[in-house]
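Worksheet for the structure shown next.
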Amino acid sequence: MSFLTSISNWLDSIPVIHQFASPKILASVFPFLLEGAKLTILFAVLGELFGIPLGLLAAVFKLSKLKVLRALSTIYVDFFRGTPLLVQLYIGLFALPIAFPVIQKVPDFTFYGGVAVLAVNSGAYVAEIFRAGIESIHKGQMEAARSLGFSYLKAMWYVIIPQTFRRVLPPLTNEFIALLKDTALLSALAITELAMKARYLSSWKANVSPFMGAALIYLAMTIPLTRLVAYMEKRLAISD
Amino acid sequence: MIELVDVHKYFGHNEVLKGIDLKVKQGEVIVVIGPSGSGKSTMLRCINKLEDVTKGHIYIDGQDITDPKNDINALRQKVGMVFQSFNLFPHLTALQNVTIAPVRVQKVDRRQAEDKGRELLARVGLAGKEDFFPSKLSGGQQQRVAIARALAMEPEVMLFDEVTSALDPELVKEVLDVMKNLALGGMTMVCVTHEMGFGREVGTRAIFMDEGVIMEENIPSELFAHPRNKRTQAFLGKVLAQ
């Protein structure tokens, strides 16, 4: 005991530290914060998981010869990149269920609605990432595939898109990091992800240390990912 | 087998092909020469619709590829194309480059496609390189993989668009040798090339193009040795002086 405990006690005796980052309180709320972090990760992973195919589809639409598809994609991307995620969450989880009450009958509709809004939001950003990725592939690749008899879509699927994955992995990871942090907005809908958990715990303990705890947990998730992006970009720079 | 009838092609206001008429019969090896910007490559690219013709018709086995009702993907399978810049798929190995189209487009059984792919790679002198990625192959090797890739679709005619122009001089011969064997095997070929020696040796007909028209055509030895057209003479004079 002893040494660590006495340091912890000493720190807690300093008022500012006690209020802001009390070791004792942090230790006691940490398991609860981790519960919230699980939900945060679940939302981010599911959002990205559905956002990627959605974004890929929007990117292919954007590059299509058909004007209708291009227009659809533009409207989608402009709307979700041009409005705050918080407003999108309000629309998805407050406005739509009022307009269409049947939505409220879906069990856990706050959860699924949250995932859906995150997915369509991240899909809009992913679309731009894939569009840039696809456009960066030399046009000779499409020509070679077409000359072999591939249809446009098959050429996209078997030849072009597989080549974009290596190039889009760093920006996609960045997008995931952004989404992970953005899940904190779900607290506005009383979803008990990490940020909301910290708010509850802080009023329960009458102490703001849980917010510091939440920040530390966010950092523990994002810093390895940003390092990973840096590493991938370096490798990509070498191989190109 | 291939017939071009009064083919015109505009890029914007710029008329690149000004009425091309050409018939390619089975087994012919046509050598197309001409200065850069003469429309040779554009003509070749029109034959498998990588470029849309502005006016005129192109028939492959009697089917008009300029008619939107005809299935261009099916017609393209009859026409193999090899590019100046190889355009191998960099994420696939040599063997996968050769098998992807038969497997994905023609729905050939993968095993069968791989057996044939190995055979084709051996035929272009690349046995043992099956699992190499393009980045690990020399330019000449890459171009030979590209030829094998086109052959895998069992085309009736092969188009070669300056396929040795991007190669280091010492790698040109290995690619030309593959093309020579192909010609000797009876493949119908249209080759845009600057390799006069190759043209004289394997070509059954040579065409000189300039300013979007076919200026002169003849058997290669005649066209190269006794060009009648002034422009042909000037062009050959410059090329042979190099």
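The values are calculated or read from the model by the stated rules, or taken from the named source; none is laboratory data. None of these values were measured; they are calculated from a predicted model. Here Cβ is always computed from backbone atoms with ideal geometry, including for glycine, and neighbour counts include all displayed protein chains. Just the protein is used for accessible areas: all its heavy atoms, side chains included, with ligands, DNA and RNA removed. Shrake-Rupley method; radii C 1.70, N 1.55, O 1.52, S 1.80 Å.
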Exercise. Considering protein heavy atoms only and a 1.4 Å probe radius, which residues within the stretch A:137-155 exhibit an accessible-area decrease of no less than 40 Å² in the full assembly relative to the chain by itself?
Worked result: A:Q141, A:E143, A:A144, A:R146, A:S147, A:L148, A:G149, A:F150, A:K154
For this session: Would you mind listing how long the stretch B:1-122 runs along its three principal axes, going by Cα atoms, in whole Å with the largest first?
Result: 47, 31, 30
For this session: Indicate, rounded to the nearest 5 percent, the antiparallel portion of the DSSP beta bridges found entirely in the protein assembly as shown.
Result: 55 percent
Exercise. Considering only protein heavy atoms, what per residue accessible area in square angstrom results for the stretch A:28-239 with a 1.4 angstrom probe?
Worked result: 50 Å²
Exercise. If eta is 1.567 mPa s and T is 4 °C, what Stokes-Einstein diffusion coefficient results for the stretch B:115-222, Kirkwood Rh from Cα pairs, in µm²/s?
Worked result: 87 µm²/s
Seminar exercise, completed: Taking max minus min of the Cα coordinates of the protein assembly as shown on each principal axis, largest first, gives extents in Å of 104, 56, 43
Problem set entry | Where the Cα pairs of chain B fall when distances are cut into 10 Å bins, in % | 8, 31, 35, 21, 5, 0
Seminar exercise, completed: For B:K40, counting only lysines whose alpha-carbon sits under 26 Å away and dropping same-chain residues fewer than eight positions off, the answer is A:K139, B:K9, B:K18, B:K23, B:K25, B:K49, B:K55, B:K78, B:K173, B:K180, B:K230, B:K238
For this session: Take every Cα pair under 8 Å in chain B that's 6+ residues apart, average their separations, divide by the length, and report that relative contact order as a whole percent.
Result: 27 percent
For this session: Using a 10 Å cut-off on Cβ to Cβ distances, tally the other chain neighbours for every residue of B:88-100 and report the average as a whole number.
Result: 3
For this session: Give me the accessible area of B:T54, 1.4 Å probe, in Å² rounded to the nearest 10.
Result: 80 Å²
For this session: Determine the shielding of peptide B:66-79 by partner chains: average, over its residues, the number of Cβ atoms on other chains within 10 angstrom of each Cβ.
Result: 2
Seminar exercise, completed: Taking only the Cα positions of the stretch A:1-71, the convex hull volume per residue in Å³ is 139 Å³
For this session: Could you give log10 I(q)/I(0) at q = 0.13, 0.16 Å⁻¹ for the stretch A:28-239, computed by the Debye formula over C-alpha point scatterers of equal weight, without solvent?
Result: -0.83, -1.10
Seminar exercise, completed: Diffusion coefficient in µm²/s returned for the stretch A:120-240 by Stokes-Einstein, Kirkwood Rh over C-alpha pairs, 4 °C and 1.567 mPa s, is 75 µm²/s
Exercise. Lysines within cross-link reach of A:K24: Cα-Cα under 16 Å, excluding same-chain residues under 8 positions apart?
Worked result: A:K205
Exercise. Ballpark to the nearest 100 Å², how much total accessible area do B and A bury together, probe 1.4 Å?
Worked result: 1700 Å²
Exercise. Given the protein chains as shown and a 1.4 Å probe, how many square angstrom of B:S221 are accessible, to the nearest 10?
Worked result: 60 Å²
Problem set entry | Of B:D115, B:D21, B:D161, the one that fluctuates the most in a GNM where chain B has Cα springs shorter than 10 Å | B:D115
Seminar exercise, completed: For the stretch A:10-21, Karplus-derived ³J(HN,Hα) couplings (6.51, -1.76, 1.60; θ = phi - 60°; whole Hz; x for glycine and proline) come out as 4, 4, 5, 7, 7, x, 4, 5, 4, 6, 9, 8
Seminar exercise, completed: re the stretch B:41-182: pairs of Cα atoms spaced beyond 23 Å account for a percent value of 36 percent
Seminar exercise, completed: Taking every residue of B:105-114, the Cβ atoms of other protein chains inside 10 Å of its Cβ average out to 1
